[in-house]
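A.B. asks: Quick one: the structure is below, and I'll ask about it shortly.
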Amino acid sequence: MRASQERQSQRTRPSLPVVLFGYEGSTFTLKARLALRLKQIPYTFVPVPGLAPRPIFRNAFALPYRKVPVLAIGRDIYIDTFLILEILEHRFPAPDYPTLYPTAEDGRTNRALTRLLTAYWADRPLFRASVGLMPAWLWRSPFGKDRGQLIGHPLDAEKLARKIPENLTAFDVQLNVAEDWLRDAEQAYKLQKTKKPWLLNTPKPSAVDIALWYQLKWARDVARGENANVLGCEPEGESTTVPIDDVFNSTRYPCVWSWFERFEVYANALPKLEKKVEDPIDTLHAIKECEMVNIKESQLQSIAPQLETFDSIGLKKGAEVVVSPNDTGRADPTTGTLLDISAEQVVIQPGRLDGRLPDIQVRLHFPRVGFVIRPSTTSKL
Ligand SMILES: N[C@@H](CCC(=O)N[C@@H](CS)C(=O)NCC(=O)O)C(=O)O
């Protein structure tokens with residue numbers, strides 16, 4: 001047995017089922033999968049359709065939220081990778097599981113910096129630059145119509161097709177920043193003569209390496225037209241791929257390139273602990289059978305407690321609230337009874353959806369960053 005496998009067999013196995021719902025070719029599903037792999041958590045992967053609707057979320061959890069991935073740990077359902085990564089760290093802590101925040105040379109974990117870079121760079125502007133590399137035939141397909149609904153207005157496929165050369169330059173701008181960062185890290189490595197660098201001079205890759213890597217990997221895949229079959233599309237038309245290799249290559253951006261390859265080798269060398277199931281019935285049954293853990297244990301704690309004065313805007317326990325993303329997907333808000341709220345996250349118990357109770361009694365967890373929570377009576381304000 002290899003040393004890493006031995007370590008895994010000694011590691012505490014999760015006492016509750018850990019289930020990731022997502023689809024092949026989904027950017028953010030890739031991010032969650034990488035975090036689970038780096039943390040070496042055994043989990044079940046349930047593929048959901050690449051296009052809405054996804055009735056499994058509505059029926060099983062009364063969850064109209066229309067994005068992926070969604071993570072279940074027993075009967076706690078976590079939405080959005082910004083929360084998912086932190087919850088994995090909270091519920092599967094070191095030393096039983098590898099940390100996503102290894103300590104850097106100077107003794108810091110840089111967790112807040114990583115979260116800021118992830119939420120306000122990789123997951124948003126960098127993601128937008130990557131989306132701009134989708135080949136035109138994708139926008140002309142049912143995928144284009146579906147994503148128009150997600151964004152809230154129809155997309156003009158021909159206009160998007162014309163913008164691709166400009167989008168490629170926008171992606172180049174992002175790579176230039178990444179190269180600057182990694183060149184700096186390489187200089188530090190030469191001075192310290194330590195191992196080849198990760199983004200924040202950590203001994204192993206951290207959550208910030210995941211954040212940059214998953215975006216670059218997805219951008220390259222999508223520009224090359226990979227995984228389009230999951231979205232129900234076939235390449236057609238004048239150009240089937242976007243020439244990403246012209247901007248992202250080892251000559252133009254050598255430091256990013258060597259880090260990118262190094263991360264892939266690192267992640268691939270870790271044991272794969274994912275079990276993919278095509279039929280979710282047994283998995284949903286296993287979730288239904290779980291005991292609910294204490295609510296405090298199920299959620300992230302904020303540094304300061306929730307101010308009682310916030311009760312006056314209706315965000316108090318027991319209130320009926322509406323939760324929706326503050327960017328795309330606002331047309332599908334989730335409603336429920338507020339169980340707890342802090343500056344980190346909100347927990348709600350879903351009520352009836354389409355007139356029926358969820359098949360499984362769950363708690364739904366959303367991060368505060370990227371979401372709006374309002375009492376249901378004022379949700380349209
Ligand atoms: N902020 C979310 C973003 C999730 C997201 O945008 N996911 C994409 C797939 S990669 C999505 O669900 N798009 C709409 C859809 O697939 O219906 C997160 O971090 O989880």
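A.B. asks: Within region 211-234, work out how many residues are surrounded by 15 or more Cβ atoms within 10 Å (Cβ to Cβ) and more than 16 Å from the ligand (Cβ to nearest atom). Walk me through how you get there before you give the answer.
C.D. replies: Filtering region 211-234 down to residues surrounded by 15 or more Cβ atoms within 10 Å (Cβ to Cβ) leaves 211-225, 227-228, 230-231, 233.
Still in the list and also more than 16 Å from the ligand (Cβ to nearest atom): 224-225.
So the count comes out to 2.
A.B. asks: Given the conditions (1) more than 15 Å from the ligand (Cβ to nearest atom); (2) within 25 Å of W213 (Cα to Cα); (3) of a type in the set (V, I, T); (4) crowded, with 21+ Cβ neighbours inside 10 Å, which single one is not true for I73?
C.D. replies: The number of the failed condition is (2).
A.B. asks: I would also like to ask the following. Name the pairs whose Cβ atoms lie under 9 Å apart, with the first residue in region 137-152 and on the phi > 0 side of the Ramachandran plot, the second among the hydrophobic types (A, V, I, L, M, F, W, C), and 6 or more positions between them or separate chains?
C.D. replies: Listed pairs, sorted by first residue: G152/A331.
A.B. asks: Still on this structure: Check region 249-261 and report whether any residue there is more than 30 Å from P197 (Cα to Cα), open to solvent by 70 Å² or more (accessible area, probe 1.4 Å) and assigned to a helix (DSSP H, G or I). First the steps, then the outcome.
C.D. replies: Of all residues in region 249-261, those more than 30 Å from P197 (Cα to Cα) come to none.
Scanning region 249-261, I find no residue that is more than 30 Å from P197 (Cα to Cα), open to solvent by 70 Å² or more (accessible area, probe 1.4 Å) and assigned to a helix (DSSP H, G or I), so the answer is no.
A.B. asks: Can you find, within region 81-106, the residue that is surrounded by the most Cβ atoms within 10 Å (Cβ to Cβ) among those that are among the β-branched types (V, I, T) and over 14 Å from the mean Cα position of the chain (by Cα)? Full working, then the answer.
C.D. replies: Of region 81-106, the ones among the β-branched types (V, I, T) are 81, 84, 87, 99, 103.
Filter once more, so that each one left must be over 14 Å from the mean Cα position of the chain (by Cα): 99, 103.
Numbers: T99: 19, T103: 15.
Among those that are among the β-branched types (V, I, T) and over 14 Å from the mean Cα position of the chain (by Cα), it is T99.
A.B. asks: Would you please list the contacts, defined by Cβ atoms under 9 Å and residues six or more apart or on different chains, that run from a residue in region 88-102 that is closer than 20 Å to G74 by Cα to a residue that is loosely packed, with under 15 Cβ neighbours inside 10 Å and acidic (D, E)?
C.D. replies: Taking only residues 6 or more apart or on different chains, the pairs are H90/E297; R91/E297.
A.B. asks: For region 305-334, which positions are open to solvent by 10 Å² or more (accessible area, probe 1.4 Å) and touching a Ser or Thr at 6+ places or on another chain (Cβ under 6 Å)?
C.D. replies: Those that are open to solvent by 10 Å² or more (accessible area, probe 1.4 Å) and touching a Ser or Thr at 6+ places or on another chain (Cβ under 6 Å): Q306, E320, V322, R330, P333.
A.B. asks: Quick one: is T109 out of contact with any Gly (no Cβ under 8 Å at 6 or more places or on another chain), open to solvent by 10 Å² or more (accessible area, probe 1.4 Å), among the polar types (S, T, N, Q) and assigned to a loop (DSSP other than H, G, I, E, B)? Steps first, please.
C.D. replies: Numbers: out of contact with any Gly (no Cβ under 8 Å at 6 or more places or on another chain): yes; open to solvent by 10 Å² or more (accessible area, probe 1.4 Å): yes; among the polar types (S, T, N, Q): yes; assigned to a loop (DSSP other than H, G, I, E, B): yes.
Yes; evaluated as a whole, the condition is true for this residue.
A.B. asks: Let me ask something additional. Under the condition of being more than 13 Å from the ligand (Cβ to nearest atom), open to solvent by 10 Å² or more (accessible area, probe 1.4 Å) and not in a loop (DSSP other than H, G, I, E, B), which residue from region 40-54 is nearest to K145 (Cα to Cα)?
C.D. replies: Checking each candidate, the answer is T44.
The values are calculated or read from the model by the stated rules, or taken from the named source; none is laboratory data. Since we're looking at a predicted model, the values are computed, not measured. We place every Cβ from the backbone using ideal geometry, glycine too, and count neighbours over all the protein chains shown. Note: areas computed on protein heavy atoms with side chains; ligands, DNA, RNA excluded. Shrake-Rupley method; radii C 1.70, N 1.55, O 1.52, S 1.80 Å.
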